[in-house]
Amino acid sequence: MGPKRTDGISPDHVTSRSVRLPALLGIVLLVAAGCASPTPSTGSGGGPVVVATAGEPDTLNPVLNYGPDGASLIFDGLVARDARNQLVPALARELPQVSADGRTVTATLREGVLFHDGSPLTAQDVVFTYQAVLDPKVDSTLRSDLDMLASVAAPDPSTVVFTLKHAYAPFPQRLALGVVPAKAFAGQDVNKAEFNRRPIGTGPYRMTSWTPGDRLVLAANDRYWGGKPANPGVVVAFVADDNVRAQRMRAGEFDAAELPPKLAVGFDGQGGHRVHRVPTADYRGVMLPTGNPVLGDLAVRRALNAAVDRQAMVTGVLGGAGEPAFGPVPPSSEFVEASVAGRPAADPAAATAILDAAGWTPGADGIRARAGRKAAFTLMYPATDSLRKELALAVTADARKIGIAVSPQGLTWDAITPRMKTDALIMGYGTPYDPDFVSFKLFGSAFAGQGFFNPGSYRSATVDAALQAGRDSADPAARRAAYATFQRQLAADVPWVFLTYLQHTYVVRDTVAGVTPRVEPHEHDVANSIWWNVHTWTKTP
C-alpha cells in the first residue's frame, strides 16, 4: 500500500521515470539476442513479452516479501495456484501432507530442479528460506505470517518437515513463498545482500537487469522444471502515471498493461486490443484514524458509512467494473458474513440522524460542528492514482451532503506516510485466498500504528479474539464463526468505510495468445497480475 513494503502485503505505488520507446525496444532486442533461442511450447513466439504496471517491488527477495503468494516469475514455492486459485504442487512433488492434529506438514521435493545458476534444489534451501523469515535479525515483514511455525527441518535432501505451534488451517497456502538458494547468502546479511537486487530462483524466468523506476528485464529459464517458457523473455515496465501508461499502450510500446477502468474502456472495440475485466478480492476504502479528533467519534464514522453511495461509485468511477464493498471479506469467499455483505444502499437521512443525535449541529455554511470543532477532515490519496482520486472526490461530495467537510489531497507516498495516524486515506487491500492473510495485520491491535499494517491504530478486543480464533482453529465451522464475529464487529466500529471491490482491467494486444485471467488479490504488479502465467504466452509479429 505504500512506498516501502512495510505492510507485509503490497503497495500500489512506484516512483517511476518515463521510459522512452527507443530505449525500451532496445532492451527488448537485447533480451531476444541474449536468450538461447528457445523453442516455444506453442507457436513460434514473437519475441519477449512487454507488460506495464504501476507498482515496483522494493526487493526481489521472497524472504523480504517479494511475491509471497507465488506467481513471482523468478521463483517457485513448494506449491502454486492454478487458474482457479486452487493449490497445486510446484517444487513439492505432491501437495504437502498434513498430520491428523494439523501440527506437522511434510513436503517431498520434486527431483531434478535446478536454480538459475545450475545448482540443484535441496531441502536445506527450503529450510533456509523459512528460517530466514523467522530470524529476528532479518527485516522480513512476513514473520508474523509464520508465527505459528515452531520449526522447519530437512531429515533428508528431499524432505521438509514443518512443525507448527498449533493447528493453522491455511498453512499449506503459505508454502507458495518462493524458495531461495541457501548458499547465495553464505556470510551475508540477508537485509543487504546483493541477492535482493540480483536474485537466483528456480522459476520460469531469470533476471537479466533491473533499472529502478524504469524496468525489470527477465530472460527465459531454458532448464525450467515446468518446461521451457513459450517466449524468450519478459520486460516489466514501471509506469506510475495511469494516463502515461495508457498513452504508451496506445503507442504500441506494451503487449499488456493494467489501466483504470475509465482509461481501459477507451480500448474497447478498437482493433488490435482486447480489454480483460478480471474479478478480484481487491477492495478500496477510507481508512479512518482513531487519533483524528473528528474521525475518532464513532458517530461520525457511522454517518459516513451510511452516507457514501457505493453503487454510484461502481457505476461512475469504475465504469461498472466492480461492486459495492461493505467489509474486507469478498462476497465470493466462503467466510463472508451475509449480514454485513448485504448492507442497504446509501441512506443520507440515517446519516443525518446519527449526527444530530451525537450533537453535531449544522452551521450557517452547512458544515456541522460540536463544542466549537467543525466536522472536517483531510482525505489523502496517492496523487498518481486517478481511480483513488475519483473515489476521494466522490466521498467528499457524499460527506458534504450530510454536513461534513472533506478536503481531498493528492500527495506522494513520502508525504502520506507520516500523516496516516491523523489523516484519512484512500487505501486498498484484499485477498481471495484466506481472510487471515490480510485482516490479521490490518485490524489487529498488536499492529496498531505500525506503518501500513494498522495505520489508523484501530483496537478492539472482540476483533483481536476473533482473528486469533480464526487462525488457531483447523475446524472450518469454527473458523467461519470466528470470521463472522470479526466482520460484524468491524461493521459496528467502522475503522474503515469500505467503498468498492474492483475488477482489475487490462488491455492486451491481439497478437498475444495464452492469457488466462483468474481472481486476483490486491497485490498484482510484477506478481499475481494477469501475466501470472506469462511463461505460456506467445505473440505474433
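Here are some notes:
- Among residues of the range 121-166, those that are more than 23 Å from residue 467 (Cβ to Cβ), of a type in the set (A, V, I, L, M) and part of a helix (DSSP H, G or I), counted: 4
- When residues in the range 359-378 are screened for being touching a Leu at 6+ places or on another chain (Cβ under 8 Å) and under 19 Å from residue 494 (Cα atoms), 2 of them pass.
- Filter result (touching a residue at least 12 places away in the same chain (Cβ under 8 Å), part of a loop (DSSP other than H, G, I, E, B) and open to solvent by 10 Å² or more (accessible area, probe 1.4 Å)) within the range 85-101: 85, 93, 94, 95, 96, 101
- Conditions (1) under 16 Å from the mean Cα position of the chain (by Cα); (2) open to solvent by less than 40 Å² (accessible area, probe 1.4 Å); number of the one not met by residue 460: (1)
- In this structure, residue 334 does not qualify as open to solvent by 40 Å² or more (accessible area, probe 1.4 Å), touching a Phe, Trp or Tyr at 6+ places or on another chain (Cβ under 7 Å), more than 27 Å from residue 368 (Cα to Cα) and not hydrophobic (A, V, I, L, M, F, W, C).
- Filtered residues of the range 106-123 (kept if surrounded by fewer than 23 Cβ atoms within 10 Å (Cβ to Cβ) and over 30 Å from residue 235 (Cβ atoms)): 106, 108, 111, 122, 123
- Residues that are assigned to a helix (DSSP H, G or I) and open to solvent by less than 30 Å² (accessible area, probe 1.4 Å) within the range 242-255 comprise 242, 245, 246, 248, 249, listed in sequence order.
- Scope the range 212-241; condition farther than 19 Å from residue 116 by Cα and open to solvent by 10 Å² or more (accessible area, probe 1.4 Å); matching residues: 212, 214, 215, 240, 241
- Failed item, numbered, when residue 202 is tested on (1) in contact with a strand residue (DSSP E or B) (Cβ under 6 Å, 6 or more places away or on another chain); (2) under 21 Å from residue 68 (Cβ atoms); (3) assigned to a loop (DSSP other than H, G, I, E, B): (1)
- Close contacts from the range 124-150, counting a first residue that is closer than 18 Å to residue 191 by Cα and a second that is in a loop (DSSP other than H, G, I, E, B) and among the hydroxyl-bearing types (Ser, Thr, Tyr), with Cβ to Cβ under 6 Å and a gap of 6+ residues or different chains, come to 133/140.
- Residue within the range 372-382 that is over 23 Å from residue 300 (Cα atoms) and open to solvent by 30 Å² or more (accessible area, probe 1.4 Å) present: no
- Conditions (1) of a type outside the set (Lys, Arg); (2) modelled with pLDDT of 95 or more; (3) within 26 Å of residue 524 (Cβ to Cβ); (4) not in a helix (DSSP H, G or I); number of the one not met by residue 118: (3)
- Restricting 138, 152, 190, 126 to residues that are crowded, with 17+ Cβ neighbours inside 10 Å, under 18 Å from residue 108 (Cα atoms) and within 26 Å of the chain's Cα centre (by Cα) narrows the list to 126.
- Restricting attention to the range 451-492, the residues being over 29 Å from residue 415 (Cα atoms) and touching a Lys or Arg at 6+ places or on another chain (Cβ under 7 Å) number 2.
- The residue of the range 347-362 that is nearest to residue 395 (Cα to Cα), among those that are open to solvent by less than 40 Å² (accessible area, probe 1.4 Å) and assigned to a loop (DSSP other than H, G, I, E, B), is 360.
- Selection count where residues are in a loop (DSSP other than H, G, I, E, B) and either closer than 10 Å to residue 203 by Cβ or open to solvent by less than 30 Å² (accessible area, probe 1.4 Å) (or both), scope the range 71-84: 8
- Neighbours by Cβ (under 7 Å, 6+ apart or cross-chain): first from the range 391-408, more than 14 Å from residue 285 (Cβ to Cβ); second of a type in the set (Ser, Thr, Tyr): 402/352; 406/396; 407/378; 408/381; 408/396
- Spans of helices (runs of 4 or more DSSP H) in the range 258-323 with at least 2 residues open to solvent by less than 10 Å² (accessible area, probe 1.4 Å): 298-307, 310-316
The values are calculated or read from the model by the stated rules, or taken from the named source; none is laboratory data. Computed from a predicted model, the values in this text were never measured in an experiment. Please note: Cβ atoms are built from the backbone with ideal geometry, for glycine as well, and neighbour counts cover all protein chains shown. With ligands, DNA and RNA removed, areas are computed over all heavy atoms of the protein, side chains included. Shrake-Rupley method; radii C 1.70, N 1.55, O 1.52, S 1.80 Å.
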